[in-house]
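Take a look at the structure set out below.
The values are calculated or read from the model by the stated rules, or taken from the named source; none is laboratory data. None of the values given here were measured: they were computed from a predicted structure. Cβ: placed from backbone, ideal geometry, glycine included. Neighbour counts: every protein chain shown. In case anyone asks, the SASA skips ligands and DNA or RNA and just uses the protein heavy atoms, side chains included. Shrake-Rupley method; radii C 1.70, N 1.55, O 1.52, S 1.80 Å.
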Amino acid sequence: AVSFCYFLTQLAAEGRNLEDLVLVIDDPISSLDTAARTYAFSLMTRMTKKCAQVIILTHNTSFMNMVKREFQILQRRDNTKQVTALLSLDCRSSQDGSDRVTSLAQMHDLLVRYDSEYHYLFSMVKDAAQKKKTDYVFLLPNATRKLLEMFATFCSPGQSNFAGALLDHREAVKDKIDVRALERLVQIESHGTIEGLGTLPDLTLEEAIRAADAGINFIKEVGNGHYKKMCAACS
């Protein structure tokens, strides 16, 4: 926090002109609590608004949403030209499926439109389940787990995770979905770590697709109205 404040005070130091500056600010809110993060964002926007260009990098979703909303406000003030750009790193599997290829791309529309990543995860998992293949082989298992963990708060409010929600609804869905695929997903992806992301995931592609299909069908069976609304929202 002290380092970031010092950086901001130096923008106009030594005769520099704010209107000439291009700034790259890399995740200035690491280790800050919510209140400090909000204050840091307010300070940053106030002290950099006259700069020629500001590029902000972050992996923090809540901070990204603050920046995104500010950029959207700036864009609406002048909709005659592109004032801002929302970009993200797009990580896909290579053509032979053995490695990752990452590129800078336009942020997915569902991440732009919604503050929650739930819609984006739902779309990714549903797409893989329908097509029985995915370019996001490295991300799909953890994306499916995260989607189901978030859905668990809806379908089983008393449970702390998806494993508990699966137990709650197992009897109701056991003849309609591949419960074993979900149980294996829970066992392997339960910790949700990103260790070894440079190598193939512990689940094979076939297992990941089966889990994605079972996960989407679980949502459909347990919360059919919710499923239909999500399909409409993500279309």
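Lys and Arg at +1, Asp and Glu at -1: add these up for the other residues within a Cβ distance under 14 Å of Thr102 and post the number. Before the final figure, lay out each step's value.
On the way: positive: Arg92, Arg100; negative: Asp90, Asp99, Asp135.
Local charge sum for Thr102: -1.
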Residue order for Ile29, Ile55 - accessible surface, 1.4 angstrom probe, largest first | Ile55, Ile29
Tyr120 accessible area, nearest 10 Å², 1.4 Å probe?
-> 50 Å²
With θ set to phi - 60° and the Karplus curve 6.51 cos²θ - 1.76 cosθ + 1.60, what are the ³J(HN,Hα) couplings of the range 137-154 in order, to the nearest whole Hz, using x for Gly and Pro?
-> 4, 6, 9, 4, x, 6, 5, 5, 4, 5, 4, 6, 5, 5, 5, 4, 5, 8
Helical mean residue ellipticity (222 nm; -39500 (n - 2.57) per DSSP H run of 4+; nearest 500) of the chain = -17000 deg cm²/dmol
Starting from the amide H of Val83, placed 1.01 Å from N in the peptide plane, find each other amide H under 5 Å away whose residue is 5 or more places distant or on another chain.
-> none
Between the modelled labels at Val83 and Leu43 (7 Å from Cα along Cα→Cβ) the distance in nm is 2.5 nm
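Suppose every K and R has +1 on its Cβ and every D and E has -1 on its Cβ; what is the size of the dipole of the range 1-95 about the Cα centre, in Debye to the nearest 20?
Values: 11 positive and 9 negative charges, 77 e Å.
For the range 1-95, the charge dipole is close to 380 debye.
Please state the relative contact order of the chain as a whole percent: Cα pairs under 8 Å, 6+ residues apart?
15 percent
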How much accessible area does Ser62 have with a 1.4 Å probe, in Å² rounded to the nearest 10?
-> 50 Å²
The chain: most fluctuating residue of Ala172, Ala35, Ala52 per GNM, C-alpha cutoff 10 Å | Ala35
Tell me, what % of the accessible area of the range 1-107 is carbon and sulfur with a 1.4 angstrom probe?
-> 53 percent
Please report how far the C-alpha centroid of the range 1-31 lies from that of the range 87-154, rounded to the nearest whole angstrom.
-> 33 Å
Along the range 82-94, Karplus-curve 3J(HN,Hα) (6.51, -1.76, 1.60; θ = phi - 60°) to the nearest Hz, with x for Gly and Pro, reads 7, 8, 10, 9, 10, 10, 8, 7, 9, 9, 10, 7, 5
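Sorted by accessible area (1.4 Å probe), largest first, how do His108, His169, His59 line up?
Values: His108 80, His169 40, His59 150 Å².
Listed by decreasing accessible area, they come as His59, His108, His169.
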Would you rank Val222, Val173 by solvent-accessible area, highest first, keeping every protein chain in place and using a 1.4 Å probe?
-> Val222, Val173
Where labels lie 7 Å past Cα in the beta-carbon direction, separation of Ser160 and Arg92 in nm = 4.0 nm
Past 28 Å, Cα to Cα, is the threshold; run Lys68/Lys131; Lys176/Lys228; Lys146/Lys174 against it and keep the listed order.
-> Lys68/Lys131
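Taking the Cα centre of the chain as the origin, how large is its charge dipole in debye, to the nearest 20, when only Lys and Arg (+1) and Asp and Glu (-1) carry charge on their Cβ atoms? Could the numbers behind the result be given before it?
Working: 28 positive and 29 negative charges, 167 e Å.
With Lys and Arg at +1 and Asp and Glu at -1, about 800 debye.
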Counting only protein heavy atoms and rolling a 1.4 Å probe, one gets per residue an accessible area for the chain in Å² of 59 Å²
With all protein chains present, calculate the accessible area of Leu86 using a 1.4 Å probe and round the result to the nearest 10 Å².
-> 30 Å²
List, in order, the whole-Hz ³J(HN,Hα) value for each residue of the range 205-210 obtained from phi through the Karplus relation with A = 6.51, B = -1.76, C = 1.60 and θ = phi - 60°; use x for Gly and Pro.
-> 4, 4, 5, 5, 5, 4
